[in-house]
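The values are calculated or read from the model by the stated rules, or taken from the named source; none is laboratory data. Small disclaimer: the values here were computed from a predicted structure and weren't measured. Every residue, glycine as well, gets a Cβ built from its backbone with ideal geometry; the counts of neighbours run over all protein chains shown. The protein model used for the area step is the full one, side chains on, heavy atoms only, and it has no ligands, DNA or RNA in it. Shrake-Rupley method; radii C 1.70, N 1.55, O 1.52, S 1.80 Å.
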Amino acid sequence: MAKDKEDKRFKATTPGKRFLKLAGMSASIAKNVASHKVKGLFRDEQSHAQSQEQLYTDIGKQIAQTLGEMKGAVMKVGQIASQVKDMLPEEVASALEVLQKESPPMPYPMIRRQLIKALGDTPENLFAHFDETPFAAASIGQVHRALTKDGEECVVKIQYPGVKESCDSDLKHLKRALKLAGLVKVNPEVIDQTFEEIRRMLYEELDYVHEAENIKLFRDYYQDHPYIIMPELIESLSSETVLTLSYVPGDSLQQVKQPQYSQDTINLIGYRIFETFGKQIYDLHAVHSDPHPGNFAFRPDGSIVLYDFGAVKRIPKETIEKLRGLVADAIEGKVDTLDKHLLAIGVRQEGGKKPDPEFYGEWLDIFMAPFRSYDPFDFSASNLHKRVLGKVKRDGLKYIGSFQPSPETMHVDRVISGHYWTMVDLGVNVSFRPLVDQIVLRKAA
């Protein structure tokens, strides 16, 4: 009886129940938006703006609550959406940030059944010990500690039941809900392209055989690396929906903020994070594109442990060269060439109003602040995110239709913005300019 009660909390894994839940959310959002529009006819401009902010806040909370209860593709998209802040109203993106936190675990009996289905035997027979309490739980699977028959400590990542089967339907209904509410601030073609890119990445994340290939790629790249540490794949205990890796311990982001980590060590870690992802993008042409803090761990000697290689974005060489040209001119403050670069990567739209040089100059002052100077940049005092929001609010209507997120660079943007918050959280105080010179601009040290 207890097991049945426990399992009912997760019946949203069935396609029919997920459909009803998402359709109900869409209908509720559409009704609230329609009501807001009618009431707006009788309000002055200031009252209408305040009402719209409240509407977006309420919608954001409703979406976050619904997706947080469902796990799977929609929860993962909600996490991504909270990091792609220029696609959504600020109030909605902020509400979705709650999805970045660790989600409630699934009951062990369901996980056990998944393990038997994937590996053909019980955890008792496959492992010397299997911890029934999960080590971590996320949107599409959860991780358990275990001990192999050979006595090796390992972690076992097990995919939730029904996630892959409901992926397309989930994405379709979430996209429809966002369009109905008029929440996404880009044209319909870009919404479709962005969701297709998210869909492609999700299917890669759901294929643990593909993730195993990513692990091998990165292990080869980081072989004998001085500060990057990676787990090793245990192939005999892995499948398309179960991934078993050697256990590699490290301290969480919150632990790094404790006294045993000096400011010098924190600065070193920040510098190495930037170096790591810069080289992944510009040298390896494949980047670990999920900057969730739970995917990384740290050690007092400045080492970085990388986890979870489901979200790896391969970057075409031509995209790398476009980005290199953009950064080179941005570092030098060449506002006259920025429009050309942004058009090339699909951020600037041909049909939109062309921004003036002053507009680009202000953006350069914001985005290039941590990268231009050889003097340290203090992220603990950074207000760059506030300046971005202020400029979007001030100039958003003026250049509506001129800019939109680019599916070509969306995951690179996600990496940069996600690790910006890591730098702020840690209070890193360091200059990244030498790394920009070395990695992006290819200048000799």
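Could you order Ser236, Ser35, Ser402 by accessible surface area, starting with the largest, using a probe radius of 1.4 Å? All intermediate terms of the calculation are to be shown ahead of the outcome.
Numbers: Ser236 105, Ser35 45, Ser402 0 Å².
Per-residue accessible area, sorted high to low, gives Ser236, Ser35, Ser402.
Residues with amide H under 5 Å of Gln142's amide H, sequence separation 5 or more or different chain, H placed in the peptide plane at 1.01 Å from N; which?
Counting only residues 5 or more places away or on other chains, the set is Ile158, Tyr160.
Mind pulling the per residue volume of the convex hull built on the Cα atoms of the stretch 307-445? Å³ is fine.
On the way: hull volume 18.7 nm³, N = 139.
Taking the convex hull of the Cα positions in the stretch 307-445, it is 135 Å³ per residue.
What are the ³J(HN,Hα) couplings of the stretch 221-235, residue after residue, when phi is run through the Karplus curve with 6.51, -1.76, 1.60 and θ = phi - 60°? Round to Hz, x for glycine and proline.
With the stated coefficients, the stretch 221-235 comes to 5, 9, 4, 6, 6, x, 9, 8, 10, 10, x, 10, 6, 9, 5 Hz.
Run the quick spin-label model on Lys117 and Lys393: label points 7 Å from Cα toward the beta carbon, then report their separation in nm to one decimal.
Using points 7 Å along Cα→Cβ, the separation is 4.8 nm.
For the stretch 187-275, what is the convex hull volume of the alpha-carbon atoms per residue, in Å³?
Numbers: hull volume 14.7 nm³, N = 89.
Spread over its residues, the Cα hull of the stretch 187-275 gives 165 Å³ apiece.
Once you have the Cα-Cα distance between Tyr247 and Ala30, take 0.36 nm times their residue separation minus that, and quote the gain in nm to one decimal.
73.4 nm
Would you pull out the residues with amide H under 5 Å of Phe403's amide H, same chain only if 5 or more places away, H placed 1.01 Å from N?
Result for Phe403 returns Gln349.
Search the structure for amide H atoms under 5 Å from the amide H of Ala286, placed 1.01 Å from N in the peptide plane, and list their residues when 5 or more places away or on another chain.
Ile315
Quick one: if the Förster radius is 41 Å, what FRET efficiency do Arg314 and Asp336 give, using the C-beta to C-beta distance and rounding to 0.05?
On the way: r = 32 Å, r/R0 = 0.79.
Computed FRET efficiency for Arg314 and Asp336: 0.80.
On full extension of the chain, what length is gained from His385 through Asp207, given 0.36 nm per residue of separation minus the C-alpha to C-alpha distance? List each step's numbers first, then the result.
Details: separation 178, 0.36 × 178 = 64.08 nm, distance 3.47 nm.
Working it through step by step, the gained length comes to 60.6 nm.
Protein chains only, probe 1.4 Å: how do Thr244, Thr337 rank by accessible area, largest first? Don't skip to the answer; put the middle values down first.
Values: Thr244 0, Thr337 30 Å².
Sorted descending by solvent-accessible area, the residues read Thr337, Thr244.
Among Phe377, Ile345, Phe277, which residue has its Cα furthest toward the positive end of the charge dipole of the stretch 270-424, with +1 on Lys/Arg Cβ and -1 on Asp/Glu Cβ?
So the residue we want is Ile345.
Suppose every K and R has +1 on its Cβ and every D and E has -1 on its Cβ; what is the size of the dipole of the stretch 358-445 about the Cα centre, in Debye to the nearest 20? The partial results should precede the final answer.
Details: 11 positive and 10 negative charges, 24 e Å.
Rounded to the nearest 20 debye, it is 120 debye.
Starting from the residue with the highest accessible area, list Ser246, Ser28 in decreasing order, probe 1.4 Å.
The ordering from most to least exposed comes out as Ser28, Ser246.
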